[in-house]
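Below: the structure, in structure tokens.
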Amino acid sequence: SLFEQKVFREQKVFREQKVFREQKVFREQKVFREQKVFREQKVFREQKVFREQKVFREQKVFREQKVFREQKVFREQKVFREQKVFREQKVFRERKVFRERKVFGEWKVFVELKVFVERKCLWN
């Protein structure tokens, strides 16, 4: 029965080593799964950060385009107002010139009449 005890002990040792190896494998798999989960979470966080940065850049570009459009509209309105003022000043100058010519023409007619009357008086 010594032989049986020896066999029994060897089988027990074998079973214990087998259990130990299985536990070791289980722990290694657990560590591997945890590392895998960690890597996936890291990748997810990096993708989230990337998406947030992309959204931020797109919003920044949109705001810059909006500002550019507003400035363009402002410049166009400014140019339009300046052109309107210029046209109004041009019309004002033309009317002023017309009034001055009209006054000058009336003055010229008045002077010619005065000269005519003076000559007529001298002839008589």
Helix 2-123 vs. the chain, principal-axis angle (Cα, 0 to 90°, nearest 10):
0 degrees
Heavy-atom surface of the stretch 8-124, accessible at 1.4 Å and reported per residue (Å²)
102 Å²
With no solvent and one equal point scatterer placed on each C-alpha of the stretch 6-67, evaluate the Debye formula and give log10 I(q)/I(0) for q = 0.11, 0.19, 0.29 Å⁻¹, two decimals.
-0.54, -0.80, -1.03
Options Val117, Val55, Gly105, ranked by Cα towards positive dipole end of the chain, top entry (Cβ charges):
Val117
Filtered hits (lysines, Cα-Cα < 30 Å from Lys54, offset >= 8 within chain) -> Lys36, Lys42, Lys66, Lys72
Express the carbon and sulfur contribution to the solvent-accessible surface of the chain as a percent, rounded to the nearest whole number, probe 1.4 angstrom.
61 percent
What ratio of Cα Rg to 2.2 N^0.38 Å holds for the stretch 79-124?
2.09
Contour excess over end-to-end distance, with Cα ends at Glu40 and Gln65 and 0.36 nm allotted per residue:
5.3 nm
Give the lysines reachable from Lys96 as a straight Cα distance under 24 Å; neighbours fewer than 8 places away on the same chain don't count.
Lys84, Lys108
What percentage of all Cα-Cα pairs in the chain are separated by more than 25 Å?
76 percent
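The values are calculated or read from the model by the stated rules, or taken from the named source; none is laboratory data. It should be emphasised that the depicted structure is a prediction, and the values quoted were computed from it without experimental measurement. Methodologically, a virtual Cβ is constructed for each residue, glycine included, from the backbone with ideal geometry; neighbour enumeration extends over all protein chains shown. These accessible areas exclude ligands, DNA and RNA; they are computed on the full protein's heavy atoms, side chains included. Shrake-Rupley method; radii C 1.70, N 1.55, O 1.52, S 1.80 Å.
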